[in-house]
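**Q** There's a structure below that I have some questions on.
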Amino acid sequence: MSLYGVTKGTDLEKDIEHIMHLEENGVSTYYAIARIAAEKGLNDLADELRKIAADEAEHAGLYAMMNGVVSDDIFSLLSRMAEGETAGEKAIEGFAQRVSEAGLEDAAQAIRAAGVDEGRHGTRLKELIEKYS
């Protein structure tokens, strides 16, 4: 049985949404702590925290699926996401420039690297759509 949308429109929907947001927050928090741990040379701790963050992302995805937060039209959704990822690269570069102008060059470089990842995501999504649709 698919879990897609099983809690949408039920008395459970708001609770599932709340838990989903808690899990989403956990993802960013664990990844942030992992980055701090890595900066402090605690690489094994950072690796473990990344694993926990990945689990939290899976959980958030489960709850989003149960509430039907995303469309089950996978390829249409992925196409829109690919466009957003590709556009995000350019937008993030503009923001990185502002951060650089504020004198935060290390932060700007990290933001630029994230922007490059966004562009790569867009390209990879397009490849996956072509392969599987």
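Since every read-out is calculated from the coordinates, none of them should be taken as a lab result. The model shown is predicted, which means the values in this text are computed figures rather than measured ones. Positions of Cβ are generated from backbone atoms using ideal geometry, with glycine treated the same way; all protein chains shown enter the neighbour counts.
**Q** To the nearest 20 Debye, how big is the dipole of the chain about its Cα centre, given +1 on the beta carbon of each Lys and Arg and -1 on that of each Asp and Glu? Mind dumping the intermediate values first?
**A** On the way: 14 positive and 26 negative charges, 59 e Å.
Dipole about the Cα centre, nearest 20: 280 debye.
**Q** Then there's this: Excluding same-chain residues fewer than 8 positions from LYS126, which aspartates and glutamates have a Cα within less than 19 Å of its Cα?
**A** List returned: ASP72, ASP73, GLU83, GLU85, GLU89, ASP117, GLU118.
**Q** Quick one: length gained pulling THR10 to ASP55 fully straight, 0.36 nm per residue minus the C-alpha distance? Display every interim value, and only then the final one.
**A** Numbers: separation 45, 0.36 × 45 = 16.20 nm, distance 2.58 nm.
Difference between extended and current length: 13.6 nm.
**Q** Whole-Hz ³J(HN,Hα) for each residue in region 77-91, computed from phi via Karplus 6.51 cos²θ - 1.76 cosθ + 1.60 with θ = phi - 60°, x for glycine and proline: what do you get?
**A** Going residue by residue, I get 5, 5, 5, 5, 5, 4, 4, x, 5, 5, 5, x, 4, 5, 4 Hz, with x marking Gly and Pro.
**Q** Also, I was wondering about something else. Hey, which aspartates and glutamates would be in cross-link range of LYS14, C-alpha to C-alpha under 13 Å, not counting anything within fewer than 8 residues on its own chain?
**A** Cross-link targets: none qualify.
**Q** If R₀ is 22 angstrom, what is the calculated FRET efficiency for the pair ASP47 and HIS21, using the beta carbon separation as r and rounding to 0.05?
**A** Rounded to the nearest 0.05, the efficiency is 0.25.
**Q** Work from the charge dipole of the chain (Cβ charges, +1 for Lys and Arg, -1 for Asp and Glu, about the Cα centre) and give the residue of LEU12, ALA60, PHE75 farthest towards its positive end.
**A** Value: PHE75.
**Q** Still on this model: Rounded to whole Hz and in sequence order, give me ³J(HN,Hα) for region 118-133 from the Karplus expression 6.51 cos²θ - 1.76 cosθ + 1.60, θ = phi - 60°, writing x for Gly and Pro.
**A** 4, x, 5, 4, x, 4, 5, 4, 4, 4, 5, 4, 4, 5, 9, 8
**Q** Give, as ranges by residue number, the residues of region 55-85 whose backbone N falls under 20 Å from the point 7 Å along Cα→Cβ of LEU3.
**A** It comes to 55-74, nothing else.
**Q** Of (1) 0.94; (2) 1.26; (3) 1.21, which one was derived for Cα Rg over 2.2 N^0.38 Å from the structure shown?
**A** (2)
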